[in-house]
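Structure, as structure tokens:
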Amino acid sequence: MLGFGGGLFSFAALFYFAAEYEHLSGWKWALASVAVTATVKGLFPGSFIFILPAQFGLFLVMWWAHVKNQGQRQVDLAQREADSRRERQERVTRARQEAAANTDFDGQEREREAAAAVALKERQERVRLVREQREREERERES
């Protein structure tokens, strides 16, 4: 029975650390290894030779899951990068639109200020002309 427990936990520890190394859940693989070893020991008592192929099969399943997981991570990473790129482009587009709107607003404001300055100069010119006209008329009356 000591050999059964030692082999059981040896394979479990091996699969735990291998799974952790591959960024998978180590406890799940350790429990799977224990289950495989217990099942094989239950079906074929006293025959250690059948445990090795079963553990190798579990290793193949683990390797396949890792490859599948790695592929999914690459797809997810590519999707996140595409989303991030699209979001940055949208922010740049919004910033450009806001800048254009601000520039247009600034341009309109400058046009209004220029028109107001022109109107002020025209009023000042009219007032000056009216004042000069009045002064001429007063001088003519006095003379």
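The values are calculated or read from the model by the stated rules, or taken from the named source; none is laboratory data. Everything numeric in this text was worked out from a predicted model, so none of it was measured. Glycine gets a Cβ as well: all are built from the backbone with ideal geometry, and neighbour counts include every protein chain shown. When the accessible area is computed, the model is the full protein with side chains, heavy atoms only, and any ligands, DNA or RNA have been set aside. Shrake-Rupley method; radii C 1.70, N 1.55, O 1.52, S 1.80 Å.
Just one of the listed residues (Asp83, Asp104) is charged (D, E, K, R), modelled with pLDDT under 85 and over 30 Å from Ser10 (Cα atoms), namely Asp104.
Against the condition surrounded by 10 or more Cβ atoms within 10 Å (Cβ to Cβ) and at pLDDT below 80, how does Lys28 come out, does it pass? When the stated conditions are applied, Lys28 passes them.
Yes or no, residue by residue, for (1) of a type in the set (Asp, Glu); (2) open to solvent by 100 Å² or more (accessible area, probe 1.4 Å):
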{"residue": "Glu90", "(1), (2)": "yes, no"}
{"residue": "Arg96", "(1), (2)": "no, yes"}
{"residue": "Gln108", "(1), (2)": "no, no"}
{"residue": "Val118", "(1), (2)": "no, no"}
{"residue": "Val127", "(1), (2)": "no, no"}
{"residue": "Arg131", "(1), (2)": "no, yes"}
{"residue": "Arg134", "(1), (2)": "no, yes"}
{"residue": "Glu137", "(1), (2)": "yes, no"}
{"residue": "Glu140", "(1), (2)": "yes, yes"}
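For the range 41-52, a residue qualifies if it is assigned to a helix (DSSP H, G or I) and open to solvent by 80 Å² or more (accessible area, probe 1.4 Å), and the qualifying residues are Leu43, Phe48, Ile49, Phe50, Leu52. Within the range 51-81, restricting attention to residues that are small (Gly, Ala, Ser) and under 29 Å from Lys41 (Cβ atoms), the residue that is nearest to the chain's Cα centre (by Cα) is Ala65.
Hey, Gly3 hits all of (1) surrounded by fewer than 18 Cβ atoms within 10 Å (Cβ to Cβ); (2) modelled with pLDDT of 75 or more; (3) assigned to a helix (DSSP H, G or I) but one; which does it fall short on? Of (1) surrounded by fewer than 18 Cβ atoms within 10 Å (Cβ to Cβ); (2) modelled with pLDDT of 75 or more; (3) assigned to a helix (DSSP H, G or I), only one is false for Gly3: (2). Across the range 57-68, not a single residue is classified as open to solvent by less than 100 Å² (accessible area, probe 1.4 Å) and charged (D, E, K, R).
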